[in-house]
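What follows is a single structure, written as structure tokens, with notes after it.
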Amino acid sequence: MKRIGLIGGMSWESSIVYYELLNKRVRGLLGGHHSCKSIMDTVDFDHIVKLQHDDNWEELDVIMVESAKRLEKAGADIIVLCTNTMHLCTPAIKANIKVPFLHIAEATGMEIISKGIKKVALLGTKFTMEKDFYKKVLFNQFGIEVLIPTDEERELVHNIIYGELIQGEIKDKSREVYKTIIGNLEERGAEGVILGCTEIPLLISDTDVNIPTFDTTTLHAVKAIEWALKKD
């Protein structure tokens, strides 16, 4: 089994989910007392959030690269970034490490295509919904068309993530807001919805909506284990 290096802490609530998913997946596949070989480097999310909202992606690149290099030096065989938004830093990370980097949008795109879906809605932070780094991977590599919420809806989705979900607050009222927004996207032609923030699956699941949900946290973790257990 290869060792997975995890860049975590964005937020630590979702990093816990990653750690649990990885270990449960390994035990489920291998049985016995098996667990996932992993290393996690956790950043201070408060600093990250401030840099995000200051649009200081150069400094964020530096922080992500430093974290990835620490993991590589510690013996990680692959790097997994435990967040959607910070995949904006993918080019910088890839340019500064020698081990593979597993992109969360690639893991998600593989699952969407396997379901025969070609048009999906994307929920996440405003950075994920509005910038092209995520949508480009889905379109260029998989031919998947991506719909995003309206300006007002994007504001609601974003504020619930930063004001509640990353604080570990799960509110029924906010779940209803998300369900309404997803319903609106379904009316616009979305055949499925990407839960494109690693905290959103804490709030929304398949049972809440009429169209398939794609839990990026789970999909990313599953693909990481698939890679770690693959024989060379």
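Filtered by the rule that a residue be at pLDDT 95 or above, among the charged types (D, E, K, R) and more than 18 Å from the chain's Cα centre (by Cα), segment 136-171 gives Glu145, Asp151, Glu152, Glu153, Glu155, Lys171. Determine, yes or no, whether Ala228 is outside any loop (DSSP other than H, G, I, E, B) and either at pLDDT below 95 or within 14 Å of the chain's Cα centre (by Cα) (or both). No. Tallying residues that are of a type in the set (A, V, I, L, M, F, W, C), modelled with pLDDT of 95 or more and more than 23 Å from Ala107 (Cβ to Cβ) within segment 34-62 yields 2.
Condition check: out of contact with any Ser or Thr (no Cβ under 8 Å at 6 or more places or on another chain) and either farther than 30 Å from Arg70 by Cβ or free of Cβ contacts under 8 Å to residues at least 12 places away in the same chain (or both). Does Glu176 satisfy that? So Glu176 fits the description; yes.
Residues in segment 22-46 that are in a helix (DSSP H, G or I) and loosely packed, with under 13 Cβ neighbours inside 10 Å: Gly28, Leu29, Asp46.
Of all residues in segment 172-195, those that are within 15 Å of Glu153 (Cα to Cα), outside any helix (DSSP H, G or I) and within 18 Å of the chain's Cα centre (by Cα) total 2. Can you pull out the helices (runs of 4 or more DSSP H) entirely within segment 85-166 that have at least 1 residues that are in contact (Cβ under 8 Å) with a residue 60 or more places away in the chain? Answer list for segment 85-166: 104-114, 126-130, 133-142, 151-163. In the set (1) surrounded by fewer than 19 Cβ atoms within 10 Å (Cβ to Cβ); (2) of a type outside the set (Val, Ile, Thr); (3) farther than 22 Å from Glu226 by Cβ, Lys135 fails one condition alone, (1).
The values are calculated or read from the model by the stated rules, or taken from the named source; none is laboratory data. Owing to the predicted nature of the structure, the values given are computational and were not obtained by experimental measurement. Don't worry about glycine lacking a Cβ; one is built from the backbone with ideal geometry, like all the others, and counts go over all protein chains shown.
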